[in-house]
1. Rolling a 1.4 Å sphere over the protein heavy atoms, what is the accessible area per residue of the chain, to the nearest Å²?
2. Which of the peptides 12-19, 156-163, 191-198 is most tightly packed, and how do the rest follow, going by the mean number of other Cβ atoms within 10 Å of each residue?
3. At Asp106 and Ser86, where each label point lies 7 Å from the Cα along Cα→Cβ, what is the point-to-point distance in nanometres?
4. Would you mind pulling out the separation of the Cα centroids of the stretch 160-212 and the stretch 40-61, in Å?
5. Lysine pairs in the chain with Cα distance under 17 Å, only those 8 or more apart or on different chains: how many are there?
6. Hey, what number do you get for the chain at 222 nm if only DSSP H runs of n ≥ 4 count, each worth -39500 (n - 2.57), divided across all residues, to the nearest 500?
7. Among DSSP beta bridges lying fully in the chain, give the percent that are antiparallel, nearest 5.
8. Only helices at least 27 Å long along their own axis, judged from Cα atoms, and with Kyte-Doolittle mean hydropathy of -0.5 or greater: name those in the chain from DSSP H.
Amino acid sequence: MDIVVVSIGGSVLIPDDNDFEYLSGLAELLVSLSRKVKLYIVVGGGRISRYYIKLGRKFGVDERILDEMGVSVTRLNAKLLISALSGNSNEYPATSVAEAVVIGSDHPIVVMGGTTPGHTTDGVAASLAEFVQADRVVNATAVDGVYTKDPNKYDDAEKITEMSFEELLECCKTSEWKAGPSNVFDAMGAEIIAKNRIPLLVVKGRDLEALESAMKGGSFSGTTVGGE
Ligand code: UTP
């Protein structure tokens, strides 16, 4: 059975756009796929975590505490996905990669949010993928792949369908960690993915058909990093 780690952004789960319908469809898809594929789902915090981080920063809150606020929101979102999965996954979000691995031994679907300060849930997904020797990581995002520039701002942004691990490392480089970033994939996660040569598939999470194909390892509309 293939092992697949999915990193799903909070901006995909609950953008306040038919969220109940989307979550219901996503849960149905995950349950049906879990008969063929071992699934680890890492849930992000999205705009709600960014909102807390922005307000907290105005109060001069330490970056580490801002990260902890972000982690709390990711776990809240993870709990919502667990609710949608109605008994088909673990009951409480795993709080560490090691705990997720243990839970995975008797649950077909494992759900978790963030872990410790200093990275995003993409980084958690990459660490987990390294630990469980995943066949692929699927990054379910708000856009349908990696673009040359922000497609929401620039009309001439072009979609990149294939990327090497080296190109991923180049585009995720950051100088210094600060809570609440929003990048293609976080720098720590990109390094783990590249070091272990784990294919990374970037797909629009709201497009359940594309998401299903990516999770199955079939052809899909999005960006493939490190494909053959
Ligand atoms: P996210 O993973 O949601 O960050 O974590 P993001 O890249 O902004 O995500 P999406 O894709 O739009 O959902 C939210 C924040 O929580 C903290 C970080 O500050 C991060 O920016 N965090 C999260 C941690 O410090 N550690 C973790 O393991 C996870």
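1. 50
2. Values: 12-19: 15.5, 156-163: 13.8, 191-198: 17.6.
Taking the mean over residues of other Cβ atoms within 10 Å, the ranking is 191-198, 12-19, 156-163.
3. Calculated label separation equals 2.4 nm.
4. Answer, in whole Å: 20.
5. 10
6. Values: 9 runs with 101 residues, N = 228.
For the chain, the value works out to -13500 deg cm²/dmol.
7. On the way: 6 of 30 bridges.
If we restrict to bridges inside the chain, about 20 percent are antiparallel.
8. Working: long enough: 63-84 (32 Å, 0.39).
Length and hydropathy pass: 63-84.
The values are calculated or read from the model by the stated rules, or taken from the named source; none is laboratory data. Just so it is clear, the structure is predicted and the values come from calculations on it, not from any experiment. Backbone-built Cβ (ideal geometry, glycine too); neighbour counts: all protein chains shown. What goes into the accessible areas is simple: the full protein's heavy atoms, side chains included, and nothing from ligands, DNA or RNA. Shrake-Rupley method; radii C 1.70, N 1.55, O 1.52, S 1.80 Å.
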